[in-house]
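Shown next, in structure tokens, is the structure this report addresses.
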Amino acid sequence: QQQVKQSPQSLIVQKGGISIINCAYENTAFDYFPWYQQFPGKGPALLIAIRPDVSEKKEGRFTISFNKSAKQFSLHIMDSQPGDSATYFCAARGGSGNTGKLIFGQGTTLQVKP
Amino acid sequence: DSGVTQTPKHLITATGQRVTLRCSPRSGDLSVYWYQQSLDQGLQFLIQYYNGEERAKGNILERFSAQQFPDLHSELNLSSLELGDSALYFCASSVAPTGNYEQYFGPGTRLTVT
């Protein structure tokens, strides 16, 4: 119930294309869903986040789509650039105890080819 | 730069030893989280402190302990180290555990146990 499942594990996209990463969860008590971007040797950097009462959130080229009934959410990267090549993690916050801890998906390694 | 600082950046030590990892949260953040990142386990929540008090525990080994000091910095103590403890250890901070408060990650400490 505490798991967040992320797919695909790796993704190769041409420059200018759309990158799509999907996540699914079971625990309906999760109340906040962030996406993090991580470059090799660096810490995860917050990219964009959404709450379950919103179906879509867009920030620049990054969009989160959220489907509460299906318990799924996804990250869309429009006009993907080589600089977007990184590992992306979805996460979910909440669950029992209202602690704020994040449960992370397994990560998706994105490669954007020039 | 997230504003979260971690020291040291790299740590190489032998099995059986004890090490201390230090984290300073962003100015104004009261909540500190520790995560472990390894290739096989991904990003795993270890422990959380809020304003000096332990708030939640995740999959943290009994050989590991942490504390948050009055100035809000936190230390993660790892003892009787084993080869399998080699990983990246991240600290994150947020204003509070819940509400519209994002978690920001530090650059991490890479621990190598030989």
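Overview of results
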| item | result |
| --- | --- |
| Of residues in segment B:102-113 being in contact with a Ser or Thr (Cβ under 7 Å, 6 or more places away or on another chain) and in contact (Cβ under 8 Å) with a residue 24 or more places away in the chain, the one surrounded by the fewest Cβ atoms within 10 Å (Cβ to Cβ) | B:T112 |
| Some residue of segment A:42-51 being surrounded by fewer than 21 Cβ atoms within 10 Å (Cβ to Cβ), more than 20 Å from A:S7 (Cα to Cα) and either out of contact with any helix residue (DSSP H, G or I) (no Cβ under 6 Å at 6 or more places or on another chain) or at pLDDT 95 or above (or both) | yes |
| Residue satisfying all of: in segment B:94-114; over 10 Å from the mean Cα position of the chain (by Cα) and hydroxyl-bearing (S, T, Y); farthest from the other protein chains (Cβ to nearest Cβ) among these | B:T114 |
| Some residue of segment B:51-63 being at the interface with chain A (Cβ under 9 Å from one of its Cβ atoms) and outside any strand (DSSP E or B) | yes |
| Which listed residue is within 12 Å of another protein chain (Cβ to nearest Cβ) and surrounded by fewer than 16 Cβ atoms within 10 Å (Cβ to Cβ), from A:Q38, A:Q14, A:Q9 | A:Q9 |
| Test for B:S79: is it among the polar types (S, T, N, Q), modelled with pLDDT of 95 or more and closer than 15 Å to B:F45 by Cα | no |
| First in segment A:1-27 and at positive phi, second anywhere and of a type in the set (D, E, K, R) and modelled with pLDDT of 95 or more, Cβ under 9 Å, 6 or more apart | A:G16/A:D79 |
| Test set (1) within 9 Å of chain A (Cβ to nearest Cβ); (2) assigned to a strand (DSSP E or B); (3) surrounded by 21 or more Cβ atoms within 10 Å (Cβ to Cβ) - B:L76 fails condition number | (1) |
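Yes or no, residue by residue, for (1) over 26 Å from A:A49 (Cα atoms); (2) among the basic types (K, R); (3) in a loop (DSSP other than H, G, I, E, B); (4) within 13 Å of another protein chain (Cβ to nearest Cβ):
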site	(1), (2), (3), (4)
B:L11	yes, no, no, no
B:C23	no, no, no, yes
B:F45	no, no, no, yes
B:P70	yes, no, yes, no
B:L88	no, no, no, yes
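The values are calculated or read from the model by the stated rules, or taken from the named source; none is laboratory data. This one's a predicted model, so the numbers in the text were calculated from it and none came from an experiment. Reconstructed Cβ throughout: ideal geometry from the backbone, glycine too, with neighbour counts over all protein chains shown.
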